[in-house]
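This report concerns only the one structure given below.
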Amino acid sequence: MELDRRTLLHGAAAVGGLLLASRVPARAGGVRRASGWIEGKMTGAMAVVETLVQEGCDCVYGIPGAQENELWDAMKSRGLPYLLCTHEFSAAAMADGYARATGKPGVLAVVPGPGVTNSLSGIGEALVDSIPLVAIVGDIAQGEKFRPFQVHCLDQVALLKPVTKGVFHVEEVSQVAAAIRQAFALAATGEPGPVAVVIPYTLLTETHDFHTPPAEAPGVPFDESCFAKAIELLAQTHLKVGIYAGQGCMDYSDLLVQLAEVLQAPVATSVSGKGCFPECHPLSVGWGYGSHATGASERVFGGLNPANQVELLLAIGVRFSEVSTGYYNMPKIRHVIHVDANPCNIGKVVRADVGVHADAGAFMSKCLEFAPALKRERDDKLLDRIKSAKADDLRRHQKIEALSGADPMAFLLTLRKNLPCDGLVFVDVTVTEHLAAEAFEVSKPRTYFNPTDNQAMGWSIPAALGAQRVMPGRPVAVVIGDGCFLMSAMEISTAARENLPVKIFVLDDQAYHYMQRLQRAAYLRTTATILARMNYAALADGFGVWYREIHTTSGLDQGIQEVLDCPHPVLCRVITDYRDRKIRWIDAVARRYAREMTPAQATRFLARIGSRAVQFQRAND
Ligand SMILES: Cc1ncc(C[n+]2csc(CCOP(=O)(O)OP(=O)(O)O)c2C)c(N)n1
Ligand SMILES: [Mg+2]
């Protein structure tokens, strides 16, 4: 049987008990919580909270309910910070935003039934984007206290299984602390992801004398023999290397810079890898490599002159997912080394000459031990080509195309200019996400965030609030389309209540422009894409937050500065005119879909477009 990612991960959950550290530290007589142990007599709810504190949780996101009130009360007693949100999708997205910004597992607490089902889109985003979460989920009474037809009596475990690495169902109060510890360990093990702990509410009030040791996430094994093969290939110094770096490199920026300089390799990142390599570095070509990504990456990795093309791709901590590759649109590169913490990802999309199962940081630091054998001479011609390709890209981005509102590209460039480089930016599922991936230059790890592979609309507002809650001093901005805004705008009430000074820039074009782009190309008309005209000022007033409106490209600079200068949450409506601005990602994906059509599909498609092209009036929306 082929072991896919999910099978492997559920397997890991099933043997979760083995994750518990076996070493037994000395018990300090009478002292509770010694060396990370959970010690002493307490209720299930208190044990949950003690374990969260020991695991370094800074904030729990969620909504209480009858099955979890005991837990929320215990959080308050212990002083564990929490953030109430307005919908459980937000709870998951907040925990996700926290995890992406801090690098630590994010925690959410939701009630069974609707609390669980509401949270699934956000937990699913974390699963496919490899983000560590721990979801603490209440359950109906089980065992002796079970009764038929209890409120929220959905099968929580079955609902959560497909969107998590694993689900721990607690059956006795004595298991509470160990289950939470194992959940943290599993969430952070190998390729990170969400884990759920389902606790019947009756166990939260039961008491037990706990002696629960710390759990450690087992490290990623290091595949020495494949590493040796990788070094052999990299040591062929006549081969031109290009690096494709993903989120797995996010905490190893310094190593990545050193390795790129040793190899004189241009560096492209995936969307979720943006920031792991400073995009202002002379070897950075920005996001992706191929006609869907930056012009610089396409030219430098592919290049028209075969003598300049990358011959050896070193892919580190990256998965070649659909969004980052523009529907698997990247050019074929002769040799590939693929390094990943999850062996199931290696070679899955791109055939690899060498696959190394290893942590990205361990791989890169070991590579640097071989620096003398890998070293290439400084390649000034390459650096010049990158510089001029980036300058061409910038000229294209700076061209203003909007006529009756602000230009989306100008908005992004102006936001970049005004947002400090350690500011956090959360970009939603607007078509602008593809423009931002190209043009929004990121120079620091964990500062650029996008719901990449589940594309869950509305994610950015709660995700930004989740991060801002634990990073009060950092500037935090949201870039969201008006359609996505309607999915999570209620969360502005949370920003107002807690004075979380997130700056929400809504790109208002009164439409799902993303869908219009996809539909127009394929059907020559649009269907179900027009949104209501809204009074944003009244909405901001209703929520009690500061409001600003930007109408034109020339108003961007001052408007954005004023918004960023405000110490409170701000709703900023940016009236946006997409016009026909070229979006490389969309064009490349459309071309690729077209190439994959069967002759019969292509004929039908062309006939439909042909007949619509001669229609005098298009039936839009
Ligand atoms: C929950 C969810 N529903 C539907 C979609 C499909 N979808 C992707 S983008 C989009 C429209 C986005 O519109 P808007 O936020 O206004 O951004 P714009 O492209 O207009 O800037 C839709 C419907 C999705 N990704 N997620
Ligand atoms: Mg829109």
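Read-outs: derived from the displayed coordinates by stated rules, not from any lab. Computed from a predicted model, the values in this text were never measured in an experiment. Cβ atoms come from the backbone with ideal geometry, glycine included; neighbour counts cover every protein chain shown.
Subtracting the Cα-Cα distance from 0.36 nm times the residue separation, let me have the gained length for A141 to E549 in nm, one decimal.
Working: separation 408, 0.36 × 408 = 146.88 nm, distance 5.08 nm.
In short, 141.8 nm is gained.
Which of rounded, prolate, oblate describes the stretch 313-453, given a ≥ b ≥ c as roots of the alpha-carbon gyration tensor eigenvalues and a/c under 1.5 marking rounded, otherwise prolate only if a/b is larger than b/c?
Details: a/c = 1.97, a/b = 1.62, b/c = 1.22.
Note, shape of the stretch 313-453 comes out prolate.
For Q617 and Y593 in one chain, what is 0.36 nm times their gap in residues minus the Cα-Cα distance, to one decimal in nm? Walk me through the numbers on the way to the answer.
Details: separation 24, 0.36 × 24 = 8.64 nm, distance 2.70 nm.
Gain on stretching Q617 to Y593: 5.9 nm.
I'd like the Karplus ³J(HN,Hα) series for the stretch 293-309: coefficients 6.51, -1.76, 1.60, θ = phi - 60°, whole numbers in Hz, and an x wherever there's a Gly or Pro.
Taking θ as phi minus 60°, the curve returns 9, 5, x, 5, 5, 4, 6, 7, 6, x, x, 6, 8, x, 5, 9, 6 Hz for the stretch 293-309.
Karplus couplings for the stretch 320-325 from phi (6.51 cos²θ - 1.76 cosθ + 1.60, θ = phi - 60°), rounded to Hz, Gly and Pro as x?
For the stretch 320-325, the Karplus-derived couplings read 6, 7, 4, 5, 5, 9 Hz, x marking Gly and Pro.
Considering the options A307, C276, T237, tell which one lies farthest towards the positive end of the dipole of the stretch 206-335, charges being +1 on Lys and Arg and -1 on Asp and Glu at the Cβ, about the Cα centre.
A307
For I38, list long-range residues whose amide hydrogen, built 1.01 Å from N in the peptide plane, is under 5 Å from its own amide hydrogen.
Result for I38 returns T212.
Percent relative contact order of the chain, based on C-alpha pairs within less than 8 angstrom and at least six residues apart? If you can, show how the numbers build up before the last one.
Details: 1363 pairs, mean separation 80.4, N = 621.
Relative contact order here is 13 percent.
5 Å is the cut-off here: which amide hydrogens, built 1.01 Å from N in the peptide plane, fall below it relative to T576, excluding neighbours closer than 5 in sequence?
So T576 has HN proximity to A406, D508, D509.
I need the calculated FRET efficiency for the pair F370 and Q510, taking r as the beta carbon distance and R₀ as 56 Å, to the nearest 0.05.
Numbers: r = 57 Å, r/R0 = 1.01.
Working from the Cβ atoms, E equals 0.50.
Return the subset of K104/K274; K417/K444; K274/K582; K390/K503; K387/K582 for which the Cα-Cα distance in this structure is over 26 Å, preserving the input order. Don't jump to the answer; show the numbers that get you there.
Values: K104/K274 18 Å; K417/K444 15 Å; K274/K582 22 Å; K390/K503 29 Å; K387/K582 22 Å.
Exceeds cut-off: K390/K503.
Between H238 and Q258, what FRET efficiency follows from the Cβ-Cβ distance if R0 is 35 Å, with the result rounded to 0.05? Kindly include the intermediate steps, with their values, before the conclusion.
Details: r = 22 Å, r/R0 = 0.62.
After rounding to 0.05, the efficiency reads 0.95.
Which of H281, H292, H434 comes first, and how do the rest follow, when ranked by fewest Cβ neighbours within 10 Å?
Values: H281 16, H292 29, H434 26.
Ascending Cβ contact count within 10 Å gives the list H281, H434, H292.
Does the stretch 422-533 come out rounded, prolate or oblate by the C-alpha gyration tensor, with a ≥ b ≥ c the root eigenvalues, rounded set by a/c under 1.5 and, if not, prolate when a/b is larger than b/c and oblate if not? Let's see the in-between values first.
Details: a/c = 2.78, a/b = 1.57, b/c = 1.77.
Since a/c reaches 1.5 but b/c is at least a/b, the shape of the stretch 422-533 is classed as oblate.
What are the extents of the Cα atoms of the chain along their three principal axes, listed from largest to smallest and rounded to whole Å?
Each principal axis gives a Cα extent; for the chain these are 71, 64, 53 Å.
Label the stretch 246-360 by shape, choosing from rounded, prolate and oblate, from the square roots a ≥ b ≥ c of the eigenvalues of the Cα gyration tensor; if a/c is under 1.5 it is rounded, and otherwise prolate applies when a/b is larger than b/c, oblate when it is not. Write out the running numbers ahead of the final one.
Values: a/c = 1.35, a/b = 1.11, b/c = 1.22.
Verdict is rounded for the stretch 246-360.
Based solely on its DSSP helices, what 222 nm [θ] is calculated for the chain when runs of n ≥ 4 H residues each add -39,500 (n - 2.57) and the sum is averaged over all residues, nearest 500 deg cm²/dmol?
That calculation yields -11500 deg cm²/dmol at 222 nm.
Could you list K145, K104, K503 so that the one with the fewest beta carbons within 10 Å of its beta carbon is first and the one with the most is last?
Working: K145 12, K104 17, K503 28.
Ordered from fewest to most neighbouring Cβ atoms within 10 Å, K145, K104, K503 come out as K145, K104, K503.
Given charges of +1 on the Cβ of Lys and Arg and -1 on the Cβ of Asp and Glu, with all other atoms neutral, how large is the dipole of the chain about its Cα centre, in debye to the nearest 20? Please list the in-between numbers first.
Numbers: 61 positive and 65 negative charges, 314 e Å.
I would put it at about 1520 debye.
Quickly work out the C421-to-A228 label distance, labels modelled 7 Å from Cα along the C-beta direction, and quote it in nm with one decimal.
Computed distance between label sites A228 and C421 equals 4.1 nm.
Quick one: K240, K387, fewest Cβ neighbours within 10 Å first, how do they rank?
Values: K240 23, K387 12.
Ranked by crowding around the Cβ, least crowded first: K387, K240.
Which Cys residues of the chain have no other Cys beta carbon under 4.7 Å away?
C57, C59, C85, C153, C226, C280, C344, C367, C421, C484, C566, C572
Please report the antiparallel percentage of DSSP beta bridges with both residues in the chain, rounded to the nearest 5. If you can, show how the numbers build up before the last one.
Values: 8 of 73 bridges.
So the antiparallel bridges amount to about 10 percent of the total.
Go through L419, T430, A495 and say which Cα lies farthest out towards the positive end of the charge dipole of the stretch 410-527; charges sit on Cβ, +1 for Lys and Arg, -1 for Asp and Glu.
The listed residue farthest towards the positive side: L419.
Once R0 is set to 25 Å, what does the formula 1/(1 + (r/R0)^6) return for the Cβ-Cβ distance between I530 and Y327, expressed as a FRET efficiency to the nearest 0.05?
Values: r = 27 Å, r/R0 = 1.06.
Rounded to the nearest 0.05, the efficiency is 0.40.
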